[in-house]
Amino acid sequence: MSILRSQIAGCGSYLPARIVTNAELAQRVDTTDEWIVQRTGIRQRHVAAQDETTSVIGLKAAQAALADAGMQASEIDMIIVATATPDHTFPATATQIQAALGIEGGVAFDLQAVCSGFVFALATADKFLSTGAARTALVIGAETFSRILDWEDRTTCVLFGDGAGAVVLKAAPGEGTLADRGVLATHIRSDGRYKDKLYVDGGPGSSRTVGFLRMEGKEVFRHAVQNLAETVRHTFAETGLSGADIDWFVPHQANRRIIDATADKLGIGHERVVITVDRHGNTSAASIPLALAEAHRDGRIKRGQLVLIEAMGGGFTWGSALIRW
Ligand code: UT7
């Protein structure tokens, strides 16, 4: 049966130049490099310059993805930006990137699912492409979490970083089998009962301020390992695949211990896991496309290989997707 598949045509990323090490943070708050590395695996993170807003860094990632795809911006039908740190409450950061790319047609909008945003945006774009409603899409994860961190709170400020990643999706015919290139399965979930475990304590409709990120780390950790394994098992059940079939596991990069525990639960060897959390920290919706772009660029992820992505974030939200590269 011939169907439409959303194939990855290109992938790119951007990281702000400024690097903040654990040692530098230890001068600001009561923490140590040893504690941060042992509990999270994070050694450093990138922090955006004053003029580097989410749309600025998202644009750079989008341009890199378009160049990798060998495509012009004018060929893009749809832009989805996954972000929890938009430049403005409105208009959408996606429309700013659309304008900066010189695109006048099509549609651009933001999607808010915090750290799960890229998986949600990919799943959304895939629905448009696989039904023929759009032919091409730019899916961008871009964040400037440094702007919503309480730099006095050691339990959160050491965990996050800024960055952006993007993929270009192109609809192409497939046979409807797992041998097709493109997005093969997506699974997204949310459960708002856990809102208070990870949230920002401000917003235009409540405090009229931007607010700061607040988290009950231990609780989030517990749910993360459980929910991430659940969403991937759902994808495995749907496709009949197992951890042994996955060439590259590219998880959301929140904490090395969560990544290792999830890979172990799923039977995925650590040599097949892409890790960036040590150098990027948790970049929320940007972490997966940043990791994809790195492993694509250095030749680890090859055309035709099976790539599994998963993420969990505030809401709670969580999800996974299986892609044949
Ligand atoms: O992307 C969205 C999803 N987010 C996540 O997945 C994050 C999930 N959670 C985590 O990654 C971990 O829970 C953390 C890394 C945030 C914390 O690790 P933990 O092993 O759960 O530590 P904890 O929160 O239980 O804290 C242990 C101790 C506490 O001290 P007491 O109460 O035992 O005396 C904290 O006050 O470590 C203390 N602590 C710190 N010490 C030095 C907390 N933050 C720091 C710090 N430096 N930065």
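The values are calculated or read from the model by the stated rules, or taken from the named source; none is laboratory data. Remember, it's a predicted structure, so these values are computed and weren't measured experimentally. All Cβ positions, even for glycine, are placed from backbone atoms using ideal geometry, and neighbour counts span all protein chains on display. Protein only, heavy atoms only, side chains kept; ligands, DNA and RNA dropped before computing areas. Shrake-Rupley method; radii C 1.70, N 1.55, O 1.52, S 1.80 Å.
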Based on this model, can you work out whether V139 counts as within 21 Å of T317 (Cα to Cα), among the β-branched types (V, I, T), open to solvent by 10 Å² or more (accessible area, probe 1.4 Å) and in contact with a strand residue (DSSP E or B) (Cβ under 9 Å, 6 or more places away or on another chain)? no
Would you say A99 is open to solvent by 10 Å² or more (accessible area, probe 1.4 Å), assigned to a helix (DSSP H, G or I) and among the aliphatic types (A, V, I, L, M)? yes
Taking the stretch 47-71 only, how many residues are of a type in the set (S, T, N, Q), open to solvent by 50 Å² or more (accessible area, probe 1.4 Å) and touching a residue at least 24 places away in the same chain (Cβ under 8 Å)? 1
Sole exception among (1) open to solvent by 40 Å² or more (accessible area, probe 1.4 Å); (2) hydroxyl-bearing (S, T, Y); (3) within 26 Å of V277 (Cβ to Cβ); (4) more than 13 Å from the ligand (Cβ to nearest atom) for S74, by number: (3)
Flagged in the stretch 29-52 as of a type in the set (A, V, I, L, M) and near the ligand (Cβ under 9 Å from one of its atoms), in numbering order, are V29, I36, I42
Output the residue which, of all residues in the stretch 237-251 that are crowded, with 22+ Cβ neighbours inside 10 Å and more than 16 Å from the ligand (Cβ to nearest atom), is farthest from T156 (Cα to Cα). I246
Which numbered condition in (1) assigned to a loop (DSSP other than H, G, I, E, B); (2) more than 12 Å from the ligand (Cβ to nearest atom); (3) crowded, with 18+ Cβ neighbours inside 10 Å is the only one that A254 fails? (2)
Any residue that is more than 30 Å from L169 (Cβ to Cβ), of a type in the set (A, V, I, L, M), in contact with a strand residue (DSSP E or B) (Cβ under 7 Å, 6 or more places away or on another chain) and open to solvent by 50 Å² or more (accessible area, probe 1.4 Å) - is there at least one of those in the stretch 10-22? yes
Looking at the stretch 157-169, I want the residues that are over 13 Å from G141 (Cβ atoms) and have a partner that is assigned to a strand (DSSP E or B) and aliphatic (A, V, I, L, M) with Cβ atoms under 7 Å, at least 6 apart or on another chain. Which pairs are those? V168/A9; V168/L138; L169/I8; L169/A9; L169/A137; L169/V139
Test: A142 is assigned to a loop (DSSP other than H, G, I, E, B), among the aliphatic types (A, V, I, L, M), within 16 Å of the ligand (Cβ to nearest atom) and not assigned by TED's automatic domain parsing to the domain that holds G192: no
Just for the stretch 283-325: of the residues that are assigned to a helix (DSSP H, G or I) and of a type in the set (S, T, N, Q), which one is surrounded by the most Cβ atoms within 10 Å (Cβ to Cβ)? S284
Residue pairs meeting the criteria (Cβ under 9 Å; at least 6 apart or on separate chains; first at positive phi, in the stretch 297-317; second near the ligand (Cβ under 10 Å from one of its atoms)): G315/V114; G315/S116; G315/L198
